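Engineer: Dumping the structure here so I can ask a few things about it.
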Amino acid sequence: MILETSNILKLIQQHFPQIGEKALQEEIAEVGKLMHFRAGEIIMDFKSYIKMVPLIITGSIKVSREDDLEGREMILYFLNGGDTCSMSFTCCMMNKRSAIRTEAVEDTTLIGIPIKYVDSWMTKYQSWKNFVMLSYDNRMIELVKVIDSISFESMDIRLKKYLEARKNSTGSELIKATHQEIAYDLNASREAISRLLKKLEHMGEVELGRNQIRLLS
DNA sequence: ACATTAAGTGATT
DNA sequence: AATCACTTAATGT
C-alpha cells in the first residue's frame with residue numbers, strides 16, 4: 001500500500017508536528033493503519049484488549065468510564081485531531097484490559113499503531129518519548145479538572161461545561177444528542193438535564209430542538 | 001392513522 | 001437531585 005503509506009506520512013506531518021524525526025515519521029507511515037469510524041461507533045470498549053495506539057487525525061472522540069457494578073457511565077473528556085489516547089499507552093504496555101470506552105462522536109479518522117512498536121520507539125526516538133509524555137501530562141491536567149468538576153460543581157455548571165467541551169471538540173455549535181444521552185454522560189437523570197436545558201433556553205443561551213441543541217452565547 | 005421515541009411537568013422523597 | 005407517573009410533541013412506518 002504505497003499510497004496509504006505516503007498518505008499517512010503527510011497526515012503525520014500535518015497533524016503531529018511534535019513528531020519531528022523523519023525516521024520516526026517514516027516508521028509510523030509504514031506500520032500505521034489508517035482507520036475510519038462513523039459517528040456513534042464504539043472504537044474501544046471496556047475490558048477489551050488494546051492492540052493499537054491511536055493517533056487521531058480528525059473528528060471527535062468521547063472517552064468515558066463505566067462503573068463496574070451497574071453500568072453507570074461517566075464522561076471523562078473528548079479527544080480531537082492531534083490527540084492520542086494516553087490510556088492506551090499504559091494499557092498496551094502492561095497488557096491490561098481497557099478501563100475506558102472510546103466512542104466516536106463525529107466521523108473520525110485515525111492512525112492505528114500496533115502496540116509492539118509503541119514501546120521500542122520510546123528509547124529509539126526522542127520526539128516519540130516527548131510526545132507520549134506530553135500527552136500524559138495533558139490528560140492528567142484534564143482529569144484533575146474532571147475530578148474537581150464532579151466533586152465541587154453543581155449540575156448546571158457541569159452541563160454548561162459539557163456543552164462547551166462538546167462544541168470545542170466538534171467545532172460546531174450544533175450538538176446532536178438526546179437529553180437522555182447527555183444525562184448518561186454526566187451520570188444524571190434525564191429529567192434533571194431537561195429542566196436545566198429549559199432554563200438555559202429561557203436565559204437565551206441555547207436553542208432546543210428534538211435530538212439537538214444549538215449553543216448561542 | 002398509529003406506534004414509538006423524545007421531551008416537559010408536577011409531585012414525592 | 002432522583003424517581004415516578006404521567007402528558008405532550010415529534011417522527012417513523
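Per-residue answers, yes or no, for (1) aliphatic (A, V, I, L, M); (2) within 21 Å of A:S127 (Cα to Cα); (3) in contact with a Pro (Cβ under 8 Å, 6 or more places away or on another chain):
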| residue | (1), (2), (3) |
| --- | --- |
| A:I19 | yes, yes, no |
| A:L24 | yes, yes, no |
| A:V31 | yes, yes, yes |
| A:G40 | no, no, no |
| A:S48 | no, no, no |
| A:M52 | yes, yes, yes |
| A:L55 | yes, yes, no |
| A:V63 | yes, no, no |
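Engineer: Considering only the range A:114-217, give the helices (runs of 4 or more DSSP H) lying wholly within it that have at least 3 residues that are of a type in the set (S, T, Y).
Structural biologist: Result: A:115-124, A:126-152, A:155-170.
Engineer: Also, quick follow-up: If you check A:R158, A:R97, A:R195, which single one turns out to be over 24 Å from A:H15 (Cβ atoms), away from DNA strand B (no atom under 16 Å from the Cβ) and at pLDDT 95 or above?
Structural biologist: Criteria check complete, one pass: A:R158.
Engineer: Just the residues that are of a type outside the set (S, T, N, Q) and within 14 Å of DNA strand C (Cβ to nearest atom), please, taken from the range A:147-165.
Structural biologist: Selection gives A:I150, A:F152, A:E153, A:M155, A:D156, A:I157, A:R158, A:L159, A:K160, A:K161, A:Y162.
Engineer: Quick check on the range A:166-217: of everything there that is away from DNA strand C (no atom under 15 Å from the Cβ) and of a type in the set (D, E, K, R), which residue is nearest to the chain's Cα centre (by Cα)?
Structural biologist: A:R166
Engineer: Next up: Report yes if some residue within the range A:108-126 is of a type in the set (A, V, I, L, M) and without any contact (Cβ under 8 Å) to a residue 40 or more places away in the chain; otherwise report no.
Structural biologist: yes
Engineer: Please go through the range A:37-59 and give me each residue that is of a type outside the set (A, V, I, L, M, F, W, C) and closer than 14 Å to A:N80 by Cα, ordered by number.
Structural biologist: The answer is A:P54, A:T58, A:G59.
Engineer: Which residue is surrounded by the most Cβ atoms within 10 Å (Cβ to Cβ), if the candidates are limited to the range A:121-152 and must be within 15 Å of A:D83 (Cβ to Cβ) and aromatic (F, W, Y)?
Structural biologist: Ranking the qualifying residues of the range A:121-152, first place goes to A:F131.
Engineer: What number of residues in the range A:1-13 are free of Cβ contacts under 8 Å to residues at least 12 places away in the same chain and either under 20 Å from the mean Cα position of the chain (by Cα) or farther than 15 Å from A:T58 by Cα (or both)?
Structural biologist: The total comes to 3.
Engineer: Let me ask something else. Taking the criterion of being over 26 Å from A:D83 (Cα atoms) and free of Cβ contacts under 8 Å to residues at least 40 places away in the same chain, would at least one residue in the range A:153-174 satisfy it?
Structural biologist: yes
Engineer: Given the conditions (1) of a type in the set (S, T, Y); (2) surrounded by 15 or more Cβ atoms within 10 Å (Cβ to Cβ); (3) modelled with pLDDT under 95, report the number of the one that A:S172 does not fulfil.
Structural biologist: Condition (2) is where A:S172 drops out.
Engineer: Is there any pair with a first residue in the range A:49-61 that is at pLDDT below 95 and a second that is in a loop (DSSP other than H, G, I, E, B) and among the hydroxyl-bearing types (S, T, Y) whose Cβ atoms are under 9 Å apart and which are 6 or more apart or on different chains, and what are they?
Structural biologist: A:Y49/A:S98; A:I50/A:S98
Engineer: Tally the residues that are crowded, with 18+ Cβ neighbours inside 10 Å and in a helix (DSSP H, G or I), restricting the search to the range A:83-105.
Structural biologist: 6
The values are calculated or read from the model by the stated rules, or taken from the named source; none is laboratory data. Quick caveat, the model's predicted, so the values are computed rather than measured. Reconstructed Cβ throughout: ideal geometry from the backbone, glycine too, with neighbour counts over all protein chains shown.
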